[in-house]
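The values are calculated or read from the model by the stated rules, or taken from the named source; none is laboratory data. These numbers come from a predicted model, not from an experiment. A quick note on method: Cβ atoms are made from the backbone with ideal geometry, for glycine too, and the neighbour counts reach across all protein chains shown.
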């Protein structure tokens with residue numbers, strides 16, 4: 001007899017498979033960003049995908065440092081949701097900075 005697989009173990013993989021198949025729109029990128037970073041980072045940043053570079057604008061210097069520090073992990077999470085080639089690099093700047 002097979003063991004029961006908890007639903008919380010299945011949902012992330014199923015969600016990633018569905019999201020990967022959808023067209024690469026700004027809404028899809030924003031959704032993947034929210035899933036990859038969580039609500040606090042999402043609320044402290046905005047994102048735009050240009051080619052395979054995700055442009056992230058952080059609310060302040062502290063968030064900018066945190067996102068940069070976490071960029072390798074965030075990139076790997078985004079690649080699971082968007083596909084390996086969708087995001088190759090994350091560039092972080094601060095809102096209002098030029």
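Values computed for the structure shown
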read-out	value
Count of segment 69-93 residues which are touching a strand residue (DSSP E or B) at 6+ places or on another chain (Cβ under 8 Å), free of Cβ contacts under 8 Å to residues at least 60 places away in the same chain and surrounded by 15 or more Cβ atoms within 10 Å (Cβ to Cβ)	7
Flag if residue 92 is more than 20 Å from residue 22 (Cα to Cα), in contact with a helix residue (DSSP H, G or I) (Cβ under 7 Å, 6 or more places away or on another chain) and at pLDDT 95 or above	yes
Residue within segment 8-26 that is surrounded by 11 or more Cβ atoms within 10 Å (Cβ to Cβ), out of contact with any strand residue (DSSP E or B) (no Cβ under 6 Å at 6 or more places or on another chain), at pLDDT 95 or above and assigned to a helix (DSSP H, G or I) present	no
Pairs, first in contact (Cβ under 8 Å) with a residue 12 or more places away in the chain in segment 15-34, second surrounded by 14 or more Cβ atoms within 10 Å (Cβ to Cβ) and in a loop (DSSP other than H, G, I, E, B), C-beta under 9 Å, six or more apart	20/83; 20/86; 24/83; 24/86; 29/86; 29/87; 32/86; 32/87
Residue satisfying all of: in segment 74-98; closer than 15 Å to residue 42 by Cα and in a helix (DSSP H, G or I); nearest to the chain's Cα centre (by Cα) among these	78
